[in-house]
Amino acid sequence: MRLLLSLFLSALALPALAAEGTRIQVKGEIIDTWCYYSGVMGGPDSVVGSAHHTCALWCSAGGIPVGMLAEDGTVYMILKMAGDENANGGDTILKMAAHTVEVDGMHYTRDGLDYLVVSDVVSDLDIQNKTHEDYGNVPSFSIPDPN
């Protein structure tokens, strides 16, 4: 009986343990989190913007979590994007790879990570970060040779 009472009281406490989100509006660049965090394609400056656009598309389409690099340097993992039936990686987010956007949504923090559930894309400024002028294409094979 004591075990059942303990389980019942624990179940009542679960909603209190759930993370509560905060509505925020944030501006930043949609990034490929694998290349940004792992350094596999170079430093953080070379895997953002136009230099990394095609590779970011490949990673997103392949299921790598998409993130947003905010103007203050915070990286938000995007869990859901408004307009996509699927979670992260749907058609809407693919169209925004390497774009600078301003979004409205719910911000959650857990275990030191920042998450964002986007309810509205306030503005989409297209690709603003012209890094290909400094880095070429990263990786170099991301744009196939037409010959």
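Values in this text are rule-based calculations from the coordinates and carry no lab data. This structure is a prediction, so every number in the text was calculated from the model and none was measured. When we count neighbours, we look across all protein chains shown, and the Cβ atoms used for this are built from the backbone with ideal geometry, even at glycine.
Structure summary
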| quantity | calculated |
| --- | --- |
| Cα gyration tensor category, rounded, prolate or oblate, for the range 21-131 with a/c compared to 1.5 | rounded |
| GluC sites (Glu not before Pro) within the range 60-133: DSSP coil, no more than 10 neighbouring Cβ in 10 Å | Glu85 |
| Qualifying trypsin sites (Lys or Arg not before Pro) in the range 47-131, DSSP loop, other Cβ atoms within 10 Å at most 16 | Lys130 |
